């Protein structure tokens, strides 16, 4: 009994460095964003604490002197639209690939899996050309169009796993009772797969909110860029880094994801493993 | 997708368009292709087509805003003549090897710890997973402040603990330190994926196996070596393959932290491709650089399909 308790305490102690490693950068970011400049740039000050009183000046600068509000709005628009579109496309594709028998279904499944692995950094150069041809150069709509290229394979892959776990009999029963296949999908299968849909939506939201290389490449003007790009490019003037505001921007632009994360932690855990294991 | 009451048209001798449509939609060999086509069209237009363009660009002298001609393998020859590319090629393997290697070891350790009896299980998992959820570009900004040449909290801590000599390394300004910094941030960001996925693998190992091993006199190390590791092999293979492709194609961390510098010592294929293809406008050469990610992708895909997912198809 006692040995068990000792082991438990030891496990916590051994976890401590990992937890500090994981969380410290966020603590330091938040701390920096609240520090007055004279303390921030004082080489003799203790960087782990705020000694000279906190300030909101960096947040004020970010909100009043930059287009941060516009960037966040762009991020939200791009993220919500591309998530929604990808979820719809991914759901029907996943259902077909997991449930229906038709010509080429196996090779299509493989194709989706392969595109799921294609890194965005492989295709951003030619995609920039395609985006220009579509007349979407330097427009946030370019992101709405291109984000589904990595979100759809992801959603499809994740949902295929979920649809396979829904027993076929449930659906067949409904169809014997006179429902069409689409009715069965809409009224029976999708409600059962809601956890999977929530999971796919959360991950798609997170992936597109966090996307950086496409946003950086396809958009550049202040009215079109997303929050990550805005914070990383517009708060650095030449060699001058506005560290306080940079950290304030990093904190604020992470808020939507953190909120989702706190409420849906278990979905994140299961989705992360499902993507790799199912 | 609102399908109302479809059976209304039964008494009509010639089935209405809607009824015929719903009948077609009930056939798997119709519904299947219809359901898959949006995804397929999207992927053909915006993945397969750009990929073919990348192939073409890499053998052309494409330059931003200018018509291009076929130049054969000249881009590739020129790449191998440039020090920046050779350095990048080497960096990619050093970076990927170091980061994935560290993530395997740390990931297994962390997963084993998370699999113990814990008091704040949910909170600890939440904390450990956090780096994976926050936008990488933004959290890397935090790291670049932590590695700042004058105000580095890393150096401050190192000096306070007496493990560094003043003034401490200039993390982002010195060759090997810069690479170390980039690797550390990649480990930080990728560790949650390893730990949580391996944890899922650990949970799936039946308790009886450990009990049997213990009854046979196996100590904790022997149990780890002969029970845990062999049963984790499948999960480990998947995690490593996934991570390899995403680490190899890393962009965000290097772009934000070092921009490839100092002296190209941290450039990876993606960041060099962007610099050559967009910042200097030589799209052809840039595309050729990006394509070096493709063999890595192919190997990973092949290994996944061949060994890991054999049962799925």
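Computed from the coordinates by the stated procedures, all read-outs in this text should not be read as laboratory data. What you see is a predicted model, and the numbers here were worked out from it, not measured in a lab. Neighbour counts are summed over all protein chains in view; Cβ atoms, including those assigned to glycine, are modelled from backbone coordinates with ideal geometry.
At-a-glance table
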{"quantity": "Zero-based 5 Å bins, Cα pair distances in the range B:113-165, whole percents", "calculated": "5, 16, 15, 13, 14, 18, 15, 3, 0"}
{"quantity": "Nearest 10 degrees, 0 to 90: helix A:265-277 Cα axis against chain A principal axis", "calculated": "60 degrees"}
{"quantity": "Inter-centroid distance (Cα atoms) of the range B:253-311 relative to the range B:160-236, Å", "calculated": "26 Å"}
{"quantity": "FRET efficiency, residue B:84 to residue A:63 (Cβ-Cβ, R0 45 Å, nearest 0.05)", "calculated": "0.65"}
{"quantity": "Choice from B:51, B:93, B:17 with maximal GNM fluctuation in chain B (Cα, 10 Å cutoff)", "calculated": "B:17"}
{"quantity": "GNM flexibility winner over chain A from A:11, A:184, A:248 (Cα, springs under 10 Å)", "calculated": "A:11"}
{"quantity": "Dimensions (Å) - chain B, Cα atoms, principal axes, largest first", "calculated": "93, 71, 34"}
{"quantity": "Shape call, the range A:15-85: gyration tensor on alpha carbons, a/c limit 1.5", "calculated": "oblate"}
{"quantity": "Sorted by Cβ density within 10 Å, fewest first, the residues A:140, A:4, B:103", "calculated": "A:4, A:140, B:103"}
{"quantity": "Förster radius 60 Å - calculated FRET efficiency between residue A:3 and residue A:49 (Cβ-Cβ, nearest 0.05)", "calculated": "0.95"}
{"quantity": "Long-range tail of P(r) for the range B:164-235 (Cα pairs > 21 Å, %)", "calculated": "52 percent"}
{"quantity": "Label-point separation, residue B:216 to residue B:229 (7 Å along Cα→Cβ), nm", "calculated": "1.6 nm"}
{"quantity": "Cα long-axis angle, helix A:105-117 against chain A (0 to 90 degrees, to the nearest 10)", "calculated": "0 degrees"}
{"quantity": "Whole-number Å³ per residue for the convex hull built on Cα positions in the range B:58-155", "calculated": "209 Å³"}
{"quantity": "Convex hull volume of the protein assembly as shown per residue (C-alpha atoms, cubic angstrom)", "calculated": "193 Å³"}
{"quantity": "Inverse mean reciprocal Cα-Cα distance (Kirkwood Rh) of the range A:2-55, Å", "calculated": "13.4 Å"}
{"quantity": "Shape of chain A, Cα gyration tensor, a/c cut at 1.5", "calculated": "oblate"}
{"quantity": "Candidates B:149, B:265, B:22, ranked by Gaussian network fluctuation over chain B, Cα under 10 Å, top entry", "calculated": "B:22"}
{"quantity": "Using alpha-carbon coordinates, inclination of helix A:194-210 to the longest axis of chain A, degrees", "calculated": "40 degrees"}
{"quantity": "Shielding by other protein chains, B:48-59, mean Cβ within 10 Å", "calculated": "4"}
{"quantity": "Average other protein chain Cβ within 10 Å of Cβ, residues A:266-273", "calculated": "5"}
{"quantity": "For B:269-280, mean number of other protein chain Cβ atoms within 10 Å", "calculated": "3"}
{"quantity": "For B:96, A:155, A:199, A:173, order by how many other beta-carbon atoms lie within 10 Å, fewest first", "calculated": "A:173, B:96, A:199, A:155"}
